[in-house]
Amino acid sequence: RAGFRVDPKKLEKWIYFHVSVEARRIRLRGSIDRVDYLGDKPYIIDYKTGARPKAKDYLIGDDFLEFQLPFYALCLTEGDYEKVAGLGFYVIGRQVEVIDIGADADLLYYLKEFESRILKPVIAEILDPRQKFEPVKEKATCRFCSYAGICGVTQWQR
């Protein structure tokens, strides 16, 4: 009734984007759970079947943890954040709850802050050769890690 329509081509679909960090071109990828459109602008949705995200987890700041939605907005719009209608979590439990993130005029600011204060500094830290890194002793720990391809654990497990 509100005018949203699901884009079936983007359900559980891998998306790719390149970002420049410290004169390096970095290829990013992600798998968006769902994209609805409001007019010609995407509303990016992430399903949560576990714990409900806390506001401190998705607000830009020291406790920020929820990379997915702003990251998907970056990839999907190729950095043109003005094209984003909104971001939201569908929390699936006994009842479905929708958590709308940045649905007001602060969305553009939120997305720019994510890129400059969260995403690029984290990538720079990963690329910094001065950062100490030691593989874990228990290889099974890495089995379900989303970052196994980044740290190189797949090479030392062979």
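The values are calculated or read from the model by the stated rules, or taken from the named source; none is laboratory data. Quick caveat: nothing in here was measured; it's all calculated off a predicted structure. Methodologically, a virtual Cβ is constructed for each residue, glycine included, from the backbone with ideal geometry; neighbour enumeration extends over all protein chains shown. Calculation scope for accessible area: heavy atoms of the full protein, side chains included, ligands and nucleic acids excluded. Shrake-Rupley method; radii C 1.70, N 1.55, O 1.52, S 1.80 Å.
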I'd like to know which of 8, 53, 109 lies farthest towards the positive end of the charge dipole of region 1-147, counting +1 on Cβ of Lys and Arg and -1 on Cβ of Asp and Glu. 8
Find which of 17, 30, 144 sits farthest along the positive direction of the dipole of the chain, computed with +1 on the beta-carbon of Lys and Arg, -1 on that of Asp and Glu, about the Cα centre. 144
Taking Cα pairs under 8 Å and at least six residues apart, what relative contact order does the chain come out at, in percent? 17 percent
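What's the ranking of 12-20, 111-119 by average number of surrounding C-beta atoms within 10 Å, highest first?
Numbers: 12-20: 12.7, 111-119: 17.3.
Final packing ranking: 111-119, 12-20.
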State the extension gain, in nm to one decimal, for the chain segment bounded by residue 144 and residue 29, taking 0.36 nm per residue of separation less the distance between their alpha-carbons. 39.7 nm
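Once R0 is set to 35 Å, what does the formula 1/(1 + (r/R0)^6) return for the Cβ-Cβ distance between residue 106 and residue 132, expressed as a FRET efficiency to the nearest 0.05? Please report the intermediate quantities before stating the final value.
Details: r = 37 Å, r/R0 = 1.05.
In this case the efficiency is close to 0.45.
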Place a point 7 Å from Cα of residue 92 in the direction of its Cβ. Which residues in region 1-25 have their backbone N less than 14 Å from it? 11-13
Cα gyration tensor shape of region 31-117, rounded if a/c is under 1.5, else prolate or oblate by comparing a/b with b/c: oblate
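Once you have a ≥ b ≥ c as the square roots of the Cα gyration tensor eigenvalues for the chain, tell me rounded if a/c is under 1.5, and otherwise prolate or oblate according to whether a/b is larger than b/c.
Values: a/c = 1.85, a/b = 1.51, b/c = 1.23.
Note, shape of the chain comes out prolate.
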Among 80, 36, 106, which one shows the biggest mean-square fluctuation in a GNM of the chain, springs joining Cα atoms closer than 10 Å? 106
So what's the net charge close to residue 21: Lys and Arg +1, Asp and Glu -1, counting the other residues with Cβ under 12 Å from its Cβ? 0
Net charge within 12 Å of residue 68 by Cβ-Cβ distance, Lys/Arg positive one each and Asp/Glu negative one each, not counting residue 68 itself? -2
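Taking 0.36 nm per intervening residue step and subtracting the Cα-Cα distance, what contour gain separates residue 122 from residue 67 on full extension? Working shown, then result.
Numbers: separation 55, 0.36 × 55 = 19.80 nm, distance 1.08 nm.
The span from residue 122 to residue 67 would gain 18.7 nm if fully extended.
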For residue 81, net neighbour charge (Lys/Arg +1, Asp/Glu -1) across residues whose Cβ lies under 11 Å away: -2
Leaving out ligands, DNA and RNA, and with a 1.4 Å probe, what % of the accessible surface on the chain is carbon or sulfur? 50 percent
Size of electric dipole in region 1-135: Cβ of Lys, Arg +1 and of Asp, Glu -1, about Cα centre, debye, nearest 20: 400 debye
Antiparallel %, DSSP beta bridges [both residues in the chain], to 5: 80 percent
On C-alpha positions alone, give me the angle between the axis of helix 68-77 and the longest principal axis of the chain, in degrees, nearest 10. 80 degrees
